[in-house]
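The values are calculated or read from the model by the stated rules, or taken from the named source; none is laboratory data. None of the values given here were measured: they were computed from a predicted structure. Heads up, the Cβs are rebuilt from the backbone with ideal geometry, glycines too, and the neighbour counts pull from every protein chain shown.
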Amino acid sequence: MSRSLSSGLKKAGIAGAKKHLFLCLGPDCCSPREGEKVWDYLKSESKDLHLEVMRTKVGCFRICTRGPWLVVYPEGIWYAQVTVERCRRILMEHILDGKPVTEWIVAENDLGRATKM
Ligand code: FES
């Protein structure tokens, strides 16, 4: 494996990640400004809390309304209208404590993982 690939995999946090968070930054489900604000919070807070997660910006999930959208895998839990305040609660309750914020869940699909185990 090349040094640059090894470095990239390490930087992405793939080996130690327990969850992968995808956040849509708009522009159709929310304003890019709104999406960036949540992204900046998600990034800094997950670092500060030393969360074992990977974070990925998404350009569009093809839902295009009621964003910003946050999806958490491996559970496949979809949260809509994620503000900074909502993101804070999702990180604390779902990611840290393992209890999804059920009243904000719009959809769930673990992509068949549960049925294979
Ligand atoms: S722009 Fe966010 S879902 Fe399409």
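Checked against the criteria, Gly112 counts as without any contact (Cβ under 8 Å) to a residue 24 or more places away in the chain, surrounded by fewer than 19 Cβ atoms within 10 Å (Cβ to Cβ) and either small (Gly, Ala, Ser) or in contact with a Ser or Thr (Cβ under 7 Å, 6 or more places away or on another chain) (or both). Of all the numbered requirements in (1) within 16 Å of the ligand (Cβ to nearest atom); (2) part of a helix (DSSP H, G or I); (3) under 11 Å from the mean Cα position of the chain (by Cα), Ile90 misses one, and that requirement is (1).
The set of residues in region 53-63 that are within 15 Å of the ligand (Cβ to nearest atom) and either under 10 Å from the mean Cα position of the chain (by Cα) or basic (Lys, Arg) (or both) comprises Thr56, Lys57, Val58, Arg62. Looking at region 6-34, which of its residues are modelled with pLDDT of 95 or more, outside any loop (DSSP other than H, G, I, E, B) and either touching a Phe, Trp or Tyr at 6+ places or on another chain (Cβ under 9 Å) or surrounded by fewer than 12 Cβ atoms within 10 Å (Cβ to Cβ) (or both)? Once the filter is applied, which keeps residues that are modelled with pLDDT of 95 or more, outside any loop (DSSP other than H, G, I, E, B) and either touching a Phe, Trp or Tyr at 6+ places or on another chain (Cβ under 9 Å) or surrounded by fewer than 12 Cβ atoms within 10 Å (Cβ to Cβ) (or both), region 6-34 yields Lys19, His20, Leu21, Phe22, Leu23, Cys24, Arg33. Put simply, of Trp39, Trp69 the only residue that is crowded, with 17+ Cβ neighbours inside 10 Å and free of Cβ contacts under 8 Å to residues at least 40 places away in the same chain is Trp39.
Note on region 42-52: residues that are crowded, with 18+ Cβ neighbours inside 10 Å and either away from the ligand (no atom under 16 Å from the Cβ) or in a strand (DSSP E or B) (or both) total 2. Would you mind stating whether Val101 is touching a Phe, Trp or Tyr at 6+ places or on another chain (Cβ under 9 Å), without any contact (Cβ under 8 Å) to a residue 24 or more places away in the chain and more than 16 Å from the ligand (Cβ to nearest atom)? Yes; evaluated as a whole, the condition is true for this residue.
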